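Peer 1: Once you've had a glance at the structure underneath, I'll fire off some questions.
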2 protein chains.
Amino acid sequence: MTKIAFRTRIEDLRRRELIEAAHRVFMQHGLGGMTTKRICEEAGMSAGILSYYFKGKEDVLFAMVRLNNRVLMETVASGLAQATTRWGRLEAIIAGNFPEGLFEPNIANAWLSVCAASATNTRYARLQRIFYARLQSNLASVFRDVLPDARFAQVALALGTMIDGLWLRRATGEVLLPQNTTALVLSVATALLTEAERAQLQAA
Amino acid sequence: MTKIAFRTRIEDLRRRELIEAAHRVFMQHGLGGMTTKRICEEAGMSAGILSYYFKGKEDVLFAMVRLNNRVLMETVASGLAQATTRWGRLEAIIAGNFPEGLFEPNIANAWLSVCAASATNTRYARLQRIFYARLQSNLASVFRDVLPDARFAQVALALGTMIDGLWLRRATGEVLLPQNTTALVLSVATALLTEAERAQLQAA
DNA sequence: TAGTTTTTTGTATGTGCGTTCAGTTTTTTC
DNA sequence: GAAAAAACTGAACGCACATACAAAAAACTA
C-alpha cells in the first residue's frame with residue numbers, strides 16, 4: 001500500500017512534468033516543432049521516458065490540451081460562484097474567458113492549433129465540443145427566462161464568436177489586455193439588449 | 001520570343017495546377033498531412049516535379065495562401081465598388097468576408113491553420129498583417145469623419161473579431177450560412193452605433 | 001547487505017518525408 | 001528530320017522523427 005501510493009505519486013509527478021514540458025515546447029516551436037526529443041529534453045529527462053509514462057506522443061498532447069481546458073473552465077466556474085446577479089454571472093463568464101496571465105500570444109496560438117487540428121483529430125474535436133457546450137450552457141443560465149430562444153441564440157453566438165475572435169487576434173500578437181477585451185464583449189452585450197432586458201439581468 | 005512566351009505559359013499553368021492540387025490536399029489532410037508526394041499525385045504528376053517549378057514545399061504553400069487571400073480581397077473590392085452609401089460599403093465589406101461557396105469548413109480550417117502557423121513562419125505573418133491592414137483600412141473608409149478615433153477602434157475591433165470568430169466556428173463544422181453571419185455582424189454594428197451615426201452612414 | 005522491483009537511460013530500428021539528379025520523353029528550332 | 005532545349009520522370013539519398021528495448025541505475029524491501 002505504501003508502495004502503490006508512492007508509485008502512483010511519482011507517476012503522476014512525471015506525467016505532469018512531461019505535460020508541462022510539452023506545453024513549453026508547444027509554445028516555443030508550435031505544433032509542428034513539437035518532437036518527443038524536445039519534450040524530454042525540456043523536462044530534463046532522456047528520450048525514451050515518454051513511452052514509459054504515455055502511450056505515445058499523441059497521448060501527451062491530448063493530456064496537455066485537456067489540462068489547459070480544465071484550467072480555463074475552472075476559472076469561469078469560480079467566478080460564477082461569486083456572482084449574485086445574472087449580469088454579474090455574465091461578467092464572470094466573459095472575464096473568465098480572458099484569464100489574467102493566460103491571455104498571451106503563445107497560449108492563444110496553442111489553442112488555435114488545437115482548433116485547426118480538430119478537423120482531423122476526433123479526440124480534439126470532442127474536447128472542443130465539450131468546451132463550447134459548457135460556454136453555451138453558462139450563457140443559457142444567464143439569459144434563461146429573459147430572452148426568447150431566437151434572441152438567445154443570436155446573442156450567445158455573437159458573444160461566443162467575439163471571445164474566439166479576440167483569442168485569435170491575440171494569437172497573432174495583437175496587443176490586447178484582458179480588461180479591455182472583457183469590456184469590449186460586455187459593451188456588445190449591452191448594445192444587443194434592450195434597456196428592459198438589461199434591467200431584468202441586473203435585478204435577479 | 002515565341003519560345004519565351006510559350007515557356008511562360010506552360011510554367012504558369014503547371015504552377016497553378018500544383019497550387020490547386022496543394023489546396024485540395026490541404027483541405028483533405030490538413031497542414032500536417034500535406035506531403036509533396038500527395039500534392040504531385042493529386043496533380044497527376046510525378047514526385048520530382050514540385051522542385052522543378054517551385055523552390056520547395058514551403059514555396060507551394062505560400063503561393064497557395066497568397067492566392068486564397070487575393071481571391072477574398074478581390075471579392076470585397078468588387079462589392080465595395082458597387083456600393084453607393086457608407087452603410088452599403090459596410091455591408092459589402094462584411095458580406096465580402098463570407099463569400100458564397102467559400103465559407104466552408106475545409107476552407108475555414110485551412111485559413112485557421114495558416115493563422116496558427118503565422119507564429120513561427122514570418123512569411124505567413126506578413127501575409128496576415130497585409131490582410132488585416134486591408135480590412136482595417138476598408139472599415140476606416142466607412143467610418144471616417146463619422147466616428148471619433150477611439151470609437152472607431154472599438155467598432156472596428158468588434159466587427160473584425162466577430163468575422164474571425166465566425167470563420168473559426170465554421171472551421172469546427174458549425175452550421176452557419178453566409179447570409180446569417182453577415183446579418184449577425186451587421187446587427188452588432190447597428191447595435192453599437194447611435195441612431196444619429198447610423199443616419200449619417202446611410203446618407204452620404 | 002542482498003535481493004527485488006521500479007525507474008531511467010541511450011542506442012537501435014523502422015518509417016516517412018523533402019529534395020536531388022541522371023536519365024527519358026516531349027517539344028521546339030533551324 | 002536532325003539537333004537542341006525544355007519538360008518530366010522516378011529511383012535514390014539523407015535526414016528527422018516516434019517508438020521499442022535491452023541494459024543500467026536507483027529505490028525499495030526484508
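The values are calculated or read from the model by the stated rules, or taken from the named source; none is laboratory data. Not measured: the values here are computed from a predicted model. A quick note on method: Cβ atoms are made from the backbone with ideal geometry, for glycine too, and the neighbour counts reach across all protein chains shown.
Peer 1: Return a yes/no flag: does the range B:39-52 have any residue that is surrounded by fewer than 20 Cβ atoms within 10 Å (Cβ to Cβ) and either basic (Lys, Arg) or under 22 Å from the mean Cα position of the chain (by Cα) (or both).
Peer 2: No, there is no match, as no residue in the range B:39-52 is surrounded by fewer than 20 Cβ atoms within 10 Å (Cβ to Cβ) and either basic (Lys, Arg) or under 22 Å from the mean Cα position of the chain (by Cα) (or both).
Peer 1: Looking at (1) part of a helix (DSSP H, G or I); (2) at pLDDT 90 or above, which one does A:PRO99 not meet, given that it meets all the others?
Peer 2: Answer for A:PRO99: the failing condition is (1).
Peer 1: Moving on. With without any contact (Cβ under 8 Å) to a residue 12 or more places away in the chain and within 16 Å of DNA strand D (Cβ to nearest atom) as the only criterion, which of B:LYS37, B:LYS57 stands out? I'd like the intermediate steps shown before the answer.
Peer 2: Numbers: B:LYS57 fails: without any contact (Cβ under 8 Å) to a residue 12 or more places away in the chain.
None of the others qualify; the one that does is B:LYS37.
Peer 1: Using the structure shown, decide if B:ARG70 is surrounded by fewer than 15 Cβ atoms within 10 Å (Cβ to Cβ) and assigned to a helix (DSSP H, G or I).
Peer 2: Numbers: surrounded by fewer than 15 Cβ atoms within 10 Å (Cβ to Cβ): yes; assigned to a helix (DSSP H, G or I): yes.
For B:ARG70, the condition - surrounded by fewer than 15 Cβ atoms within 10 Å (Cβ to Cβ) and assigned to a helix (DSSP H, G or I) - is met.
Peer 1: Restricting to the range A:122-163, give me the number of residues that are closer than 28 Å to B:PHE26 by Cβ, of a type in the set (S, T, N, Q) and at the interface with chain B (Cβ under 9 Å from one of its Cβ atoms).
Peer 2: Adding up the residues that qualify gives 2.
Peer 1: Which condition does A:ASN106 not pass, out of (1) at pLDDT below 95; (2) within 16 Å of DNA strand C (Cβ to nearest atom), if it passes all the others?
Peer 2: (2)
Peer 1: Another question, if that's okay. Look through A:MET34, A:MET27 and report the one residue that is of a type outside the set (Gly, Ala, Ser), surrounded by 11 or more Cβ atoms within 10 Å (Cβ to Cβ) and in a loop (DSSP other than H, G, I, E, B).
Peer 2: On the way: A:MET27 fails: in a loop (DSSP other than H, G, I, E, B).
Sole residue among the options that is of a type outside the set (Gly, Ala, Ser), surrounded by 11 or more Cβ atoms within 10 Å (Cβ to Cβ) and in a loop (DSSP other than H, G, I, E, B): A:MET34.
Peer 1: With respect to B:PHE62, determine if the residue is part of a helix (DSSP H, G or I), under 22 Å from B:THR120 (Cα atoms), more than 15 Å from DNA strand D (Cβ to nearest atom) and within 14 Å of chain A (Cβ to nearest Cβ). Working first, answer last.
Peer 2: Working: part of a helix (DSSP H, G or I): yes; under 22 Å from B:THR120 (Cα atoms): yes; more than 15 Å from DNA strand D (Cβ to nearest atom): yes; within 14 Å of chain A (Cβ to nearest Cβ): no.
Answer is no for this residue.
Peer 1: Regarding the range A:102-116, can at least one residue be identified that is within 26 Å of A:ALA22 (Cβ to Cβ), in a loop (DSSP other than H, G, I, E, B), of a type outside the set (Lys, Arg) and more than 13 Å from every other protein chain (Cβ to nearest Cβ)? Step through it out loud before you land on a result.
Peer 2: Within the range A:102-116, the first condition is being within 26 Å of A:ALA22 (Cβ to Cβ), and the residues that meet it are A:102-116.
Keeping just the survivors that are in a loop (DSSP other than H, G, I, E, B) gives A:102-104.
Cutting the leftovers down to of a type outside the set (Lys, Arg) gives us A:102-104.
Add one more test, that the residue is more than 13 Å from every other protein chain (Cβ to nearest Cβ), and what stays is A:102-103.
Yes, because at least one residue in the range A:102-116 is within 26 Å of A:ALA22 (Cβ to Cβ), in a loop (DSSP other than H, G, I, E, B), of a type outside the set (Lys, Arg) and more than 13 Å from every other protein chain (Cβ to nearest Cβ).
Peer 1: Follow-up. For the range A:172-204, how many residues are within 11 Å of chain B (Cβ to nearest Cβ) and among the charged types (D, E, K, R)? Give the steps one after another, and end with the answer.
Peer 2: Taking the range A:172-204 first, the residues within 11 Å of chain B (Cβ to nearest Cβ) are A:172-174, A:176, A:180-181, A:183-185, A:187-194.
Then drop every residue that is not among the charged types (D, E, K, R), which leaves A:174.
The total comes to 1.
Peer 1: Ok, one more. Please give the number of the condition B:LEU166 fails out of (1) in a loop (DSSP other than H, G, I, E, B); (2) in contact (Cβ under 8 Å) with a residue 40 or more places away in the chain; (3) of a type outside the set (Ser, Thr, Tyr).
Peer 2: Unmet condition: (1).
Peer 1: What's the total number of residues in the range A:21-57 that are away from DNA strand C (no atom under 12 Å from the Cβ) and closer than 21 Å to B:LEU112 by Cα?
Peer 2: Here the count works out to 10.
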